[in-house]
Every structure is written in structure tokens, then in C-alpha cells.
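Since the structure comes first, as C-alpha cells, the remarks are kept for the end.
The values are calculated or read from the model by the stated rules, or taken from the named source; none is laboratory data. This is a predicted model, so every value here is computed, not measured. As a convention, Cβ positions derive from the backbone with ideal geometry for all residues, glycine included, and neighbour counts pool all protein chains shown. In case anyone asks, the SASA skips ligands and DNA or RNA and just uses the protein heavy atoms, side chains included. Shrake-Rupley method; radii C 1.70, N 1.55, O 1.52, S 1.80 Å.
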Amino acid sequence: MAPSKKGKAKAEKTEATESSKFPASIRSVPPSSVAITIHAKPGAKSSSITDFSEDAVGVQIDAPAKDGEANAALLDYISSVLGVKRRQVSIGSGSKSRDKVVIVEEITLQSVFDALTKASKC
């Protein structure tokens, strides 16, 4: 007969993970970068953030999806929204797709979340 487990205490999870308070569309990339999942909408009249959800950040871009113009405009717009230099922002994946992952270097997850929240409410 197996011994009973009456005396064992259950393990408790007291420490919440840092990313649990942020949507899944933004996540930390070690050592000091943040990845943002973006759903790009090229060909709009003006650049703006249209949606900030768990899945992706919707961004409409005022450039056509031709010869990488929309990608360049997207990176310029994201750098201006986040207040970082253009060279700190790059496309991690999805350069030929509407669904992209943009990497922002040398920035915290909290500052990205705050800037995107502020820009999406304008």
C-alpha cells in the first residue's frame, strides 16, 4: 500500500510573472529589447494605431505596400510613437506579410505598453 500524502503542503505560486500584466502582443526579448506583434494596414490616409489587443497591435500606415515603402513608414511611425531612434526599431519577421513582429531595442516593456496605450486612445 502506498504511503499517504496528508502531510505534504501544496506549492503556492506567489510570484506573478512580469509579462502577465501586459498583452501577449508585446513581450520582452532578452537582454533589453521588446517584440511587438503588429497587424499592418497599408494605404491609409494617415498613420495611426487602430487596435491594441491581446493578439496584435493594429497599425494603419500612410504608405502603399510596394517596394518596402509601408515597412519603412511603419518603422518610422513606431519609432516616433515610442520616442526612440529609428535605428533601434527593426522588423524581426513578416517583412512581406501584414502580420509582422517589430523588435525595439533598449526599451522596457512598461514604456512600450504606456506609449502604445496612449497612442491608441488618441
>> Being closer than 13 Å to residue 83 by Cβ and open to solvent by less than 30 Å² (accessible area, probe 1.4 Å) is the filter here; which residues of the stretch 100-122 pass it?
In response: 104, 107, 112, 115, 116, 119
>> Looking at 86, 98, can you tell me which residue is among the charged types (D, E, K, R) and under 13 Å from residue 57 (Cα atoms)?
In response: 98
> Taking the stretch 19-74 only, how many residues are in contact with a helix residue (DSSP H, G or I) (Cβ under 9 Å, 6 or more places away or on another chain), in a loop (DSSP other than H, G, I, E, B) and open to solvent by 30 Å² or more (accessible area, probe 1.4 Å)?
Replying inline: 6
>> For the stretch 35-65, which positions are closer than 14 Å to residue 116 by Cβ and among the hydrophobic types (A, V, I, L, M, F, W, C)?
In response: 35, 36, 38, 49, 52, 56, 57, 59
>> Looking at the stretch 75-122 only, could you name the residues that are in a loop (DSSP other than H, G, I, E, B) and touching a helix residue (DSSP H, G or I) at 6+ places or on another chain (Cβ under 8 Å)?
In response: 83, 85, 95, 106, 107
